[in-house]
Amino acid sequence: MVATGASLPDKTRKTFELPLKLVGGLAAEEADRRVAMAVRAGDVGARSLAFYLADFADRGVYQQLGFHSVELYAETRYHIRPSTTRQYVATGRALLELPGIDRAFRRGGLFWSQVRELIRVATPETEDEWVEFAKGRTARQIAAEVARRRKGERPADRRRRRIHETWFRPQGRMNAAQWAKWTTAREKLEAELDRPVTDAEMLEEAANLLLGSRPDGSVAGRTPVNDSHYKTYVLHDISNEITTIKIDGVRLPLDVATARIVLRSSDRPELAGPATESDPENDPEDTDDPHENHEQQAPETPFEWRHEKTPEKLRRRVLRRDRHRCRCCGSRSNLTAHHKKWRRYGGRTVAKNLVTLCEHCHSLVHAGLLVIRGTLADGLHFVDAKGRELGALDPPVREAVEATALELDARASHPGPGKKHDARASGLDEVVGQRTIVRNLQRAVRAAMGRGEPLGHVLLCGPPGLGKTRFATAVAADLGRPCRVLHAPFVTEPAELAREAAEVPAGGVLFIDEVHRLPLRVAESLYLVMDSRRITVIGATTDSGMLPGAYLSRFALREDLRYYSADELVEILNRSAAGLGVTLDDDAAVVIAGASRDTPREALALLEAVRDEVQLRGTAAIDAATVLEVLRSRDIDERGTTRIDREILEALNQARGPLGLTTLADRIGVSRRDLLRVHEPFLVRRGLITRTRRGRVLNS
């Protein structure tokens, strides 16, 4: 894969385009070569990601961007799962200490899956043997050998006597001042050695320094360098008694206790003042600092007023209001009620001035690395020390993400004649069934276009699989505007919703699937989007009862979708069969429609399963016999009942009386949730069972 540089208007910055051309229908040798290229490209990307995430984690850079952990940074910015981030960090750290494995990977001698297994057991002394062992073996074979070895052991070799090496892991934590010294010392040591230095080497150098120092202060074997560039600078403002320390060019505030300790060990110890009984050094809880918000400019309150504990009843009320979640990261652990305007600057202990934060985000706020903006009434949002949204990508980062051009040649993606039917690009006229809803939406669309205004917001209610997404895209097609689809369960931050809404052009459609599953604070930010009337919001829900009244009242149109008739399903199947490149006879269409549980989604899924079967037989014609054969292989009968449905009917038949939900679920071995949401609604709708106060009964 070749990367070509593309210069931007700013000549000091470049992005790189990766022209990826995907072509189907290639010869076996060429397709295999492209698979190899894709695997290698993925491996190289994984190695790069592991290196930078490990660097972020080791240096704490994520905190300067307003995140309390590297996992939260990767999840918010790039949607990487926390467990995956931890794996990348561990691998990146390990490869810094295993140059032999890293070198073999860079030369193409190892795949990334093999590297991940080797780092679990290899050490600098044994890595060459493990690299040799991995040659010609699969990742599964390597994993089996690694599982039998401990860290530092060599691969199986009956000719060699193994002597295990003992390793130790020092532990410790640093505050801001200690970390500033540590990073500055690392920079100085790297300048002396002219190469990167690990934490282990730093500790070893510190031990050598203590053990090897001479009476004149010099150390044997060390080359002196100009140390004027490697000083830790502490800035103390006499007017407001605020002390900050410079780390990587960013000024970070110190709490009072740490500031006094640092000042007393500096060349101006008199700035720390005399020690008293009420000295904040004796109070580790005093971490107030005025840099959180622009509001923190009022005169300071007396010191003894700042540590009055928030009443427990008020604290519980605030946590309950915020759904027992941190308003920044959503964590449920170690929660506290934070004063938005600090008590140090006259902030009152009232609900309007309290916000729920977790322990980590609370620390970032008091360190000036996380800033709270907005109000509780209008919605809070969090930015980093430079005022940037936590989930927003900076322009250079966004350019790097968007600089990958993707060209798709869909040749041979569907064998046989016919063009794939893109039902989602058609308008409301092409929608099958739901005629009342179609007419209502068409009238609303025509009226909105006549006024030159965006369409009013629409709420589509109904069980899964009835085509709510299809309606949203059809409305957008009739409006002549784009439709952006958003899945509510994956939107956890108001900033994400605001970003998605901002990318919809004026008059466009933002479709939110499962809108009832939006978190409360995200839903509150959606109110602002809906009230602006710049775009049309179409929400889809399977449970409108979960939506609050303020939410429902903002939808001008509320439509309830019904189940489809057999004739409507047959028409949908015939249209889709043409797009799949198969022919469907009338009897086959009727059988599929009867087994589809009255929903288009089930019908189309069965059609695709039958299409796969006839394709394997080398034909493109679907008949009723083939459909019945596929249904039998899936344990579905012509009525659409599954094996579990029939077991429910049999259990009720044998009971000869009502059965409760829990009893019925235990007898057939399914969860109560599946029984209530998947199986029971269909059986009740078909009149096969009835719910009573005493339980479920079989209809005669």
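The values are calculated or read from the model by the stated rules, or taken from the named source; none is laboratory data. Remember, predicted model here, so these are calculated numbers, not experimental data. For neighbour counting, all protein chains shown are included, and Cβ atoms are generated from backbone atoms with ideal geometry for every residue, glycine included. Note: accessible area is taken over every heavy atom of the protein model, side chains too, but ligands, DNA and RNA are not part of it. Shrake-Rupley method; radii C 1.70, N 1.55, O 1.52, S 1.80 Å.
Could you check the range 192-205 and list, in sequence order, the residues that are open to solvent by less than 50 Å² (accessible area, probe 1.4 Å) and assigned to a helix (DSSP H, G or I)? Write out each step before concluding.
Just the residues of the range 192-205 that are open to solvent by less than 50 Å² (accessible area, probe 1.4 Å), to begin with: 192, 197-198, 202.
Those that are open to solvent by less than 50 Å² (accessible area, probe 1.4 Å) and assigned to a helix (DSSP H, G or I): E192, M202.
Can you tell me which of (1) among the charged types (D, E, K, R); (2) open to solvent by less than 50 Å² (accessible area, probe 1.4 Å); (3) at pLDDT 80 or above is the one D157 doesn't meet?
The number of the failed condition is (3).
Pairs, please: C-beta under 6 Å, at least 6 apart or cross-chain, first residue free of Cβ contacts under 8 Å to residues at least 40 places away in the same chain and in the range 672-700, second acidic (D, E)?
H679/D645
Is it true that some residue in the range 129-141 is open to solvent by 30 Å² or more (accessible area, probe 1.4 Å), on the phi > 0 side of the Ramachandran plot, at pLDDT below 80 and not β-branched (V, I, T)?
no
Among the hydrophobic types (A, V, I, L, M, F, W, C) and either modelled with pLDDT under 85 or within 22 Å of the chain's Cα centre (by Cα) (or both): does that describe A444?
Values: among the hydrophobic types (A, V, I, L, M, F, W, C): yes; either modelled with pLDDT under 85 or within 22 Å of the chain's Cα centre (by Cα) (or both): no.
Criteria not met by A444.
Please enumerate the residues belonging to the range 101-128 that are part of a helix (DSSP H, G or I), open to solvent by 50 Å² or more (accessible area, probe 1.4 Å) and closer than 27 Å to M37 by Cβ.
R103, R106, S113, R116, listed by residue number.
Only residues in the range 466-494 that are crowded, with 20+ Cβ neighbours inside 10 Å count as the first member; pair them with residues that are modelled with pLDDT of 85 or more and among the hydroxyl-bearing types (S, T, Y), Cβ under 8 angstrom, at least 6 apart or cross-chain, and list the lot.
Partner pairs satisfying both residue conditions: L466/Y563; L466/Y564; L466/T599; V475/T536; C483/T473; E493/T76.
Being surrounded by fewer than 23 Cβ atoms within 10 Å (Cβ to Cβ) and not in a helix (DSSP H, G or I) is the filter here; which residues of the range 598-637 pass it?
If the condition is that a residue be surrounded by fewer than 23 Cβ atoms within 10 Å (Cβ to Cβ) and not in a helix (DSSP H, G or I), then D598, T599, R617, G618, T619, A620, A621, D623, R634, D635, I636, D637 are the ones that fit.
Please list, ordered by first then second residue, the pairs with beta carbon atoms under 7 Å, 6 or more apart or interchain, first in the range 176-201 and within 12 Å of D58 (Cβ to Cβ), second part of a helix (DSSP H, G or I) and open to solvent by less than 60 Å² (accessible area, probe 1.4 Å).
R186/M202; P196/E190; V197/R186; V197/L189; V197/E190
What pairs can you find where one residue is in the range 639-657 and outside any helix (DSSP H, G or I), the other is open to solvent by less than 40 Å² (accessible area, probe 1.4 Å) and hydroxyl-bearing (S, T, Y), and their Cβ atoms are less than 7 Å apart, with a gap of 6+ or different chains?
Within 7 Å, the pairs are G640/S596.
Restricted to the range 494-530, and to residues that are out of contact with any helix residue (DSSP H, G or I) (no Cβ under 7 Å at 6 or more places or on another chain) and acidic (D, E), which residue is nearest to E389 (Cα to Cα)?
E496
Please determine whether any residue of the range 83-100 is open to solvent by 20 Å² or more (accessible area, probe 1.4 Å) and not in a helix (DSSP H, G or I).
No, because not a single residue in the range 83-100 is open to solvent by 20 Å² or more (accessible area, probe 1.4 Å) and not in a helix (DSSP H, G or I).
Could you please find all residues in the range 495-534 being free of Cβ contacts under 8 Å to residues at least 24 places away in the same chain, exposed (fewer than 14 other Cβ atoms within 10 Å of the Cβ) and under 23 Å from the mean Cα position of the chain (by Cα)?
Taking the range 495-534 first, the residues free of Cβ contacts under 8 Å to residues at least 24 places away in the same chain are 500, 502-503, 531-532.
Checking the rest, the ones that are also exposed (fewer than 14 other Cβ atoms within 10 Å of the Cβ) come to 502-503, 531-532.
Hits for the range 495-534 are A502, E503.
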